[in-house]
Amino acid sequence: ASSLKTLGVDLLQKQNARLHHTEEYHDNTCLIVRRGQMFQLKLTFDRELKDNDEVVVQLSVGEKPLESNETLLSMNLRSGQDARCWCANISNTSGKECLVAVTSPADAAVGKYFLSVTTGPHIYNPGNKVVYVLFNPWCEADTVFMPNDTERLEYVHSDTGYIYVGSIQNIVGRPWNFGQFEEDVLDSCMYLLDKSKLKQKVRKDPVIVSRAMSALVNANDDSGVLFGNWSGTYSGGTSPVAWTGSAPILQKYYKTKKPICFGQCWVFSGVLTAVMRCLGIPARSVTNFASAHDTQENLKVDIYLNERGEKLNDMTSDSVWNFHVWNDVWMKRPDLPQGFDGWQAVDATPQEISQGIYQCGPCPVKAIRSGEVYLLYDSKFVFAEVNADRVFWQVKNENGKQKLVKLREETKAIGKSISTKAVGKNTREDITAQYKFPEGSPEERKAVEKACSYLNSSNLAVCESTTPLPPLQAGIQLEVEGEKALWLGNPINLNIIVQNSSAGVWTINLVASCQLQSYTGKIEANLGSIKQTVQTEGKPVIQLPLNIAADAYMKTVTSVEDELLIKVNIIAEIQETNEKLTDELTLTFQYPPLKVEMPETAKINEDFTCSFIFKNTLSIPLEKCKLHVEGLGIFKMETIGQGDIMPGRIIKSQIICAPNKTGEKKIVAKLTSNQVKGISGEKTITITA
């Protein structure tokens, strides 16, 4: 008989995609499957298949595939089954057609494979038959297996969500499109895998893959996806506050192969969530409020104030960010002792160098909670982010010399309201309890003690439980009254209240300062301060007004392209007892809403109108307004110039939409201007067939 020739291969994309939960991916010319699970191919030959015909299905990776390094997989259709490795079996033949069942092991290397078929001397290699192999959270034998259905839907399938920003007093959910199924996003992830130079053997391991991606999402060492920029000027790129989602960033990166400008922590996190979900690793964006960046590994972050109570920028490289966003990824940790499976923290924001490059994690969240900071990777740094103490110092000038006076040490100020989007709901879930035991509980003290025994605390005093300060002899209390959220363009009007609950007569030197800061704690402007000496005699309550005109802050707010907030620091010294009291307050700006209006439902491939409506209820004009809009499965990100919007004016912008996917879809909009850096709006629509 003549030697058998292969004439064609049908990848049966539709039926395989349904079984492998990959129908959402934009690309339908290729086969996208998950590991540890069978998929089918249909082969067509030039004659009927005989029992002695040799048929070998091959999958290859890269330019020079070799069996020795697993970049070439050969499966003989006659070889039977073996759960530990790739195998292919004939499940059905009819005439010249043959149905083949291919099964990959649950620890197969993820990546992009090219398919060819060898029959005796003939090789069928069409060059365009591509099989993407992804991690499989549906497969119990896969280390990323996630047993709960609704959790899997949220952390693998959901392509929209929220990233939480703001401050502890005022947490804001910013809508974000992860867009992991959009055009070119999967190819962009495959490009990153190749760029990582990871050997085929380690592309099986979600621990190594997620660590590599935490490095590649920032551009620092490897011309990865995003340039970080915290300078406040973003000409020559997109301001970090203007992005609405991850897909446009990954698409542009894939087209240009050059880092995209610019990102800050929530952008890095949003992109890493998209990359992880796209590859099949369950992931979520996580926000830590009052996040410590402890460069010395001593679990202390020092903050220095001058004699006016103003924070000094340049005394330390340590900082407390108002919030910081990183990621949790879900996987087992066979590389660690037992008990550390589940959520692992990874962080793509370039903060500290780990093993020579900017990467962070995966670090078991359970290890952070129990203080086991010797476990891989980067657990010391993450532990400090949620557990460091904050120490306030005053820098005094005495006879031309600098003198440091310790004002207070706070053990409960860092790592608050750790937040992520709730599973299956558009609300915030507080996951602080997954990261730490309740403040002050015996378990928490034990975890901190354990962590300290591993940290390079040459100054071991750090980790000893700080003895609480004795109660003040002078029964004085400080508080601040006033609006915690300020309409942009309005004056700042605060009252500093000194309460004297004792009968004593005290002389109090009081200073209070007001500063404009970015979310990383960088001082952008000093807005004003007061200095006053007050006597408490016969006065149980003393009120001191702190008033600052809007002009004092508007110039800086307009010139800096970041969203800023106001920090107030107060220091009271009691002359008679030499005791010191301090207080700190954060004020955030608030803005009028951006409304998105459209029908509740629409039909696929039929037009509907979506309107964006904004009324400027502020007392100031908004200059150079731009509307950034994106609707996954409906239209790509667009930017529409709106000019200047005067006080009281209403703008209405409309776009005609033609949805190309069914299901629940979301349109996300953002308004940026010189004055207001980002007002978000969103609305969901159900698209039916």
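The values are calculated or read from the model by the stated rules, or taken from the named source; none is laboratory data. None of these values were measured; they are calculated from a predicted model. We place every Cβ from the backbone using ideal geometry, glycine too, and count neighbours over all the protein chains shown. Keep in mind that these areas ignore ligands, DNA and RNA; they rest on the heavy atoms of the full protein, side chains included. Shrake-Rupley method; radii C 1.70, N 1.55, O 1.52, S 1.80 Å.
For Ile368, indicate whether it is in contact with a helix residue (DSSP H, G or I) (Cβ under 6 Å, 6 or more places away or on another chain), in a strand (DSSP E or B) and crowded, with 18+ Cβ neighbours inside 10 Å.
Numbers: in contact with a helix residue (DSSP H, G or I) (Cβ under 6 Å, 6 or more places away or on another chain): yes; in a strand (DSSP E or B): no; crowded, with 18+ Cβ neighbours inside 10 Å: yes.
Judged against the criteria, Ile368 is not a match.
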Worksheet entry | Check on Thr316, open to solvent by 10 Å² or more (accessible area, probe 1.4 Å), at pLDDT 95 or above and out of contact with any Pro (no Cβ under 7 Å at 6 or more places or on another chain) | no
Discussion item. For the range 57-82, give me each residue that is within 36 Å of the chain's Cα centre (by Cα), loosely packed, with under 14 Cβ neighbours inside 10 Å and without any contact (Cβ under 8 Å) to a residue 40 or more places away in the chain.
Written reply: Glu63
Discussion item. Consider the range 217-248. How many of its residues are under 23 Å from Glu24 (Cβ atoms), part of a helix (DSSP H, G or I) and of a type in the set (A, V, I, L, M, F, W, C)?
Written reply: 1
Practice prompt. Of the conditions (1) open to solvent by less than 50 Å² (accessible area, probe 1.4 Å); (2) over 22 Å from Asp378 (Cα atoms); (3) in contact with a Leu (Cβ under 8 Å, 6 or more places away or on another chain), Asn218 clears all except one; give me its number.
Written response: (2)
Worksheet item: Identify, please: which residue in the range 93-146 is part of a strand (DSSP E or B) and without any contact (Cβ under 8 Å) to a residue 40 or more places away in the chain and is, among those, most open to solvent (accessible area, probe 1.4 Å)?
Response: Ile123
Worksheet item: Here are some residues: Ile620, Ile571. Which one is assigned to a strand (DSSP E or B) and touching a residue at least 24 places away in the same chain (Cβ under 8 Å)?
Response: Ile571
Discussion item. Test of understanding: among Val165, Val156, Val117, which residue is at pLDDT 95 or above, within 30 Å of Glu48 (Cβ to Cβ) and among the aliphatic types (A, V, I, L, M)?
Written reply: Val117
Worksheet item: What about Lys258, is it assigned to a helix (DSSP H, G or I), out of contact with any Cys (no Cβ under 6 Å at 6 or more places or on another chain) and open to solvent by 20 Å² or more (accessible area, probe 1.4 Å)?
Response: no
Worksheet item: Checking Gln251 against (1) surrounded by 19 or more Cβ atoms within 10 Å (Cβ to Cβ); (2) assigned to a loop (DSSP other than H, G, I, E, B), which test does it fail?
Response: (2)
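Results for (1) charged (D, E, K, R); (2) modelled with pLDDT under 95; (3) in contact with a Lys or Arg (Cβ under 6 Å, 6 or more places away or on another chain), shown as yes or no for each residue.
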position	(1), (2), (3)
Val365	no, no, no
Glu398	yes, yes, no
Thr411	no, yes, no
Gly424	no, no, no
Ser441	no, yes, no
Discussion item. Would you confirm whether or not the range 462-485 contains a residue that is modelled with pLDDT of 95 or more and open to solvent by 20 Å² or more (accessible area, probe 1.4 Å)?
Written reply: no
Worksheet, complete the sentence: Scanning the range 342-365 for residues that are under 19 Å from Trp321 (Cβ atoms) and out of contact with any helix residue (DSSP H, G or I) (no Cβ under 7 Å at 6 or more places or on another chain) gives Pro350, Gln351, Ile353, Ser354
Practice prompt. Filter the range 319-355 down to the residues that are β-branched (Val, Ile, Thr) and open to solvent by 20 Å² or more (accessible area, probe 1.4 Å), then identify the one that is nearest to Ala215 (Cα to Cα).
Written response: Ile353
Discussion item. Tally up the residues in the range 630-689 that are part of a loop (DSSP other than H, G, I, E, B), of a type in the set (A, V, I, L, M, F, W, C), over 24 Å from Asp607 (Cβ atoms) and open to solvent by 20 Å² or more (accessible area, probe 1.4 Å), please.
Written reply: 1
Fill in: Residue among Ser196, Ser188, Ser239, Ser210 that alone is modelled with pLDDT of 95 or more, open to solvent by 10 Å² or more (accessible area, probe 1.4 Å), in contact with a helix residue (DSSP H, G or I) (Cβ under 9 Å, 6 or more places away or on another chain) and not basic (Lys, Arg)
Ser196
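Looking only at the range 561-590, filter to residues that are out of contact with any strand residue (DSSP E or B) (no Cβ under 6 Å at 6 or more places or on another chain) and open to solvent by less than 50 Å² (accessible area, probe 1.4 Å); which one of those is nearest to Asn322 (Cα to Cα)?
Our first condition is that a residue be out of contact with any strand residue (DSSP E or B) (no Cβ under 6 Å at 6 or more places or on another chain); within the range 561-590, this holds for 561-563, 576-579.
In the following step, the residues that additionally are open to solvent by less than 50 Å² (accessible area, probe 1.4 Å) were identified as 562, 577, 579.
Values: Asp562: 13, Thr577: 34, Glu579: 28 Å.
Out of the qualifying residues, it is Asp562.
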